[in-house]
Amino acid sequence: MNKQANNQLIAITGVTKGLGRAMVDQFIEKGHTIIGCGRSQQEINHLKTIYPSHHFFVVDVSDGKDVQQWANQVIENIGTPEYLINNAAIINRPDALWNITEEEFSQLIDINIKGVANTIRAFLPAMIEKKSGMIINFSSGWGRSTSPEVVPYCTSKWAIEGLSQGLSQEVPKGIGVIALNPGIINTEMLQTCWGEGAKHYSTPEQWAKKAVPFILKLHSKDNGKSLTV
């Protein structure tokens with residue numbers, strides 16, 4: 001699979017803001033075709049307006065049936081993506097674990113872990129049939145270390161590291177599965193935890209200019225690696 005070829009099909013979850021939104025601009029600028037999803041109908045409509053030749057869908061990644069319908073539509077009408085980038089995630093409000101409600105914890109797990117499993121379950125069989133594809137699961141520094149008051153988020157990202165490692169041992173030749181730590185970026189999620197301190201780090205737009213070329217160089221030979229942009 002030639003990673004430098006133009007017009008590769010790239011599926012990204014969580015494209016309506018933050019890193020996902022910034023990656024959309026950069027991948028398109030480099031000549032690739034985006035299949036993006038997000039939960040905000042308004043933001044998805046906006047993306048459709050500014051990028052009419054690309055493909056944007058309202059999808060709740062925590063809903064397996066919703067994800068499968070999206071994947072079926074994409075594979076049948078557009079094609080099997082060369083890249084599946086699992087970016088969609090939320091973070092808990094900063095607090096001790098025992099103060100996080102069951103509902104809050106479950107919502108985070110449903111999006112951050114089950115959402116990744118849902119998209120893999122929906123797209124990977126077509127990638128296997130095609131005998132090529134890269135699955136990039138966004139991890140975090142908090143998927144390899146821990147901090148207080150973000151235990152649910154740490155839990156989810158440590159799970160993504162384990163999911164990616166295990167899946168990398170299951171996929172056939174030609175498929176790559178990567179856990180990717182994007183680094184520390186001034187996103188809404190970081191602002192939730194660090195407040196004004198988040199301003200000391202790169203914006204999503206600055207980050208994407210480095211991250212997108214990095215992602216495009218990943219190949220199935222990188223299968224099983226835990227990498228950092």
**Request:** Would you please name the residue that is least open to solvent (accessible area, probe 1.4 Å), looking only at residues in the range 177-189 that are more than 13 Å from the chain's Cα centre (by Cα) and not polar (S, T, N, Q)?
**Result:** Ile185
**Positions within the range 211-229 being under 13 Å from Ile184 (Cα atoms) and outside any loop (DSSP other than H, G, I, E, B), in sequence order** = Ala211, Thr228
**Fill in**
Within the range 117-167, the residues that are in a loop (DSSP other than H, G, I, E, B) and over 12 Å from the mean Cα position of the chain (by Cα) are Lys131, Ser132, Arg144, Ser145, Thr146, Ser147, Pro148, Glu149, Val150
**Prompt:** Which one of Arg121, Arg144 is closer than 21 Å to Gly20 by Cα and basic (Lys, Arg)?
**Reply:** Arg121
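Go through the range 1-100 and tell me which strands (runs of 3 or more DSSP E), entirely inside it, have 2 or more residues that are open to solvent by 50 Å² or more (accessible area, probe 1.4 Å).
Passing ranges, in order: 55-58.
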**Request:** Collect the residues in the range 75-110 that are under 23 Å from Asn223 (Cβ atoms) and of a type outside the set (S, T, N, Q), keeping them in residue-number order.
**Result:** Ile75, Gly79, Pro81, Glu82, Tyr83, Leu84, Ile85, Ala88, Ala89
**Asked** What about Lys48, is it more than 18 Å from the chain's Cα centre (by Cα) and within 15 Å of Asn118 (Cα to Cα)?
**Response** no
**Request:** For residues that are charged (D, E, K, R) and out of contact with any strand residue (DSSP E or B) (no Cβ under 8 Å at 6 or more places or on another chain), scanning just the range 150-176, find the one that is most open to solvent (accessible area, probe 1.4 Å).
**Result:** Lys173
**Message:** If I ask for residues that are of a type in the set (Val, Ile, Thr), within 16 Å of Val150 (Cβ to Cβ) and open to solvent by less than 30 Å² (accessible area, probe 1.4 Å), which ones from the range 110-121 would you list?
**Reply:** Ile111
**Cβ-Cβ under 7 Å pairs, at least 6 apart or on other chains, the range 40-64 side under 21 Å from Glu76 (Cβ atoms) and basic (Lys, Arg), far side modelled with pLDDT of 95 or more and open to solvent by less than 60 Å² (accessible area, probe 1.4 Å)** = Lys48/Phe56
**Request:** Would you be able to say whether some residue in the range 140-149 is buried (at least 20 other Cβ atoms within 10 Å of the Cβ) and at pLDDT 95 or above?
**Result:** yes
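The values are calculated or read from the model by the stated rules, or taken from the named source; none is laboratory data. Please read all numbers here as calculations on a predicted model, not as lab measurements. Counting neighbours? That spans all protein chains shown, and the Cβs are built from the backbone with ideal geometry, glycine included. All accessible areas refer to the heavy atoms of the entire protein, side chains included, with ligands and DNA or RNA removed. Shrake-Rupley method; radii C 1.70, N 1.55, O 1.52, S 1.80 Å.
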